[in-house]
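Below: one structure in structure tokens.
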Amino acid sequence: MSIDPSSIPNFGSQPEPDQPSGGPTANVVIPDQDLVKQLLDQMGLKHAIDDEDDLLAPWEEFRTYFMFRGEAQQHVFAVRTFYERTYSVDEKAQLHEAIDEWNHLTLWPKVYTNTDDEGAVRLVGEAQMLIGMGVNLDHFVATTVSWVQASIEFNKWLGERLGLEEAADGDSDGEGGSDSGSGDSGDGSEG
């Protein structure tokens, strides 16, 4: 039995009638830090640049970094959130159970633990997008906003899941990060 190639659906985008296949399309950009700053300003989120020249948006209970790594076709945009609450190594099993549930139920951010040399355990959430070949501007904006919202939602969810009243009741709904001005806030040494 053979498969008729014409019976396989084409899941790729179709070129515009006046656009040659493989050519540039409208609204395709290679995002950079200035574009993300504009987006954060439009969202009403304060932001700063850390010592490693990464863009960050601080909240009371976490910091979200907007990082660009790699070159050419392997250029990556990453949104990485460092949650401030520390846990002991003894709590790691409970944390793994919770973050496994989150990672199973949601698309992003994917969350993992990070244990420092002193044994303090913190959580990190991360999402990434290849941008070296360009990305549709609307897609980039919608995805970045979704990642920021999901980072905030994880903080709330974890507080509820672990019964941490201050995380569930705290200012983690984005208000702590709102302010259209930018300024230095936090050390940003983990970005």
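The values are calculated or read from the model by the stated rules, or taken from the named source; none is laboratory data. What you are looking at is a predicted structure, and each value in this text was computed from that prediction instead of being measured. Cβ coordinates were reconstructed from backbone atoms using ideal geometry, including for glycine residues, and neighbour counts include every protein chain displayed. SASA here: full protein model, heavy atoms, side chains in, ligands and nucleic acids out. Shrake-Rupley method; radii C 1.70, N 1.55, O 1.52, S 1.80 Å.
Taking the condition of being open to solvent by less than 50 Å² (accessible area, probe 1.4 Å), without any contact (Cβ under 8 Å) to a residue 60 or more places away in the chain and part of a helix (DSSP H, G or I), how many residues in region 96-145 meet it?
4
For region 74-89, what are the residues that are more than 16 Å from residue 126 (Cβ to Cβ) and touching a helix residue (DSSP H, G or I) at 6+ places or on another chain (Cβ under 9 Å)?
85, 87
Out of (1) surrounded by 11 or more Cβ atoms within 10 Å (Cβ to Cβ); (2) part of a helix (DSSP H, G or I), what's the single condition that is false for residue 60?
(2)
Between a first residue in region 39-53 that is of a type in the set (S, T, N, Q) and a second residue that is at pLDDT below 95, which pairs have beta carbons less than 7 Å apart while being 6 or more apart in sequence or on different chains?
Between residues of region 39-53 that are of a type in the set (S, T, N, Q) and residues that are at pLDDT below 95, there is no close pair.
Going by what's in this entry, would residue 33 be described as open to solvent by 100 Å² or more (accessible area, probe 1.4 Å), closer than 16 Å to residue 140 by Cβ, modelled with pLDDT of 55 or more and not charged (D, E, K, R)?
Here the answer is no, as residue 33 does not meet what is asked.
Turning to a different aspect of this structure: For region 63-95, give me each residue that is aliphatic (A, V, I, L, M) and open to solvent by 10 Å² or more (accessible area, probe 1.4 Å).
If the condition is that a residue be aliphatic (A, V, I, L, M) and open to solvent by 10 Å² or more (accessible area, probe 1.4 Å), then 72, 76, 89, 93 are the ones that fit.
Looking only at region 36-57, which residues are within 17 Å of residue 139 (Cα to Cα), out of contact with any helix residue (DSSP H, G or I) (no Cβ under 8 Å at 6 or more places or on another chain) and open to solvent by 40 Å² or more (accessible area, probe 1.4 Å)?
Answer for region 36-57, where residues must be within 17 Å of residue 139 (Cα to Cα), out of contact with any helix residue (DSSP H, G or I) (no Cβ under 8 Å at 6 or more places or on another chain) and open to solvent by 40 Å² or more (accessible area, probe 1.4 Å): 37, 38, 42.
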